[in-house]
Amino acid sequence: MPTYPKNLSTATDTIGISTNIIWWNRIALFVVFFWFGFLKIIHISPAEGLVTRLHEATISPFISIEKFLVLLGVIECAIGVLWLLPKLTKVAFWLFILQMFTTFLPLLFLPKDTWQNMMVLTLTGQYIIKNVVLIASALTIYKTVLE
């Protein structure tokens, strides 16, 4: 059973803090996705080598790397912008989940890039695993839409 604040002042403060936290999460996701996506569009992303190797291991017969990098960048920028539009949170969340799924693929398809040995990640692997924090942030936002 949920607990409620004993006085209205506390309830108002809690609602204000929750709203601020959700907006900070939205802004953080926007910054990360728009920034990283834009770097892919203009072909200066430090992740370009990893994306290229994953592309070669998976979908290269279907789309050129040049087109794929721009497409991925545009999708990431769009996800970032969608997080700033509360009415489109569900769309942002599910596009985000699809994109997050792809970010974990190098752990399976590119083990030399992502693992030093059993349970020891390379710096690239650590870069990928940190996405669990982004997932937690997105889930925090998504949960508020469901309430």
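Read-outs throughout are calculated quantities, based only on the coordinates presented, and are distinct from any laboratory measurement. Predicted model, so just to flag it, every value in this text is computed and none were measured. So basically every Cβ, Gly included, is an ideal-geometry build from the backbone, and we count neighbours across all protein chains shown.
A few points about this structure:
- For the chain, leaving out every one of the trypsin sites (Lys or Arg not before Pro) that falls in a DSSP loop and has at most 13 other Cβ atoms within 10 Å, the longest unbroken run is 7-129.
- Working from label points 7 Å from Cα in the Cα-to-Cβ sense, the S18 to Y127 distance is 3.8 nm.
- Correct option for Rg and Dmax of the Cα atoms in Å [calculated from the coordinates] among (i) 18.4, 63; (ii) 23.3, 74; (iii) 16.8, 50: (i)
- Our analysis of segment 68-147 gives Rg over Rh at 1.05, with the two radii drawn from alpha carbon positions and Rh computed by the Kirkwood formula.
- Chymotrypsin sites (Phe, Trp or Tyr not before Pro) within segment 65-124, DSSP loop, no more than 16 other Cβ atoms inside 10 Å: F104
- If the segment from V70 to F101 were pulled out straight at 0.36 nm per residue, it would be longer than the present Cα-Cα gap by 9.3 nm.
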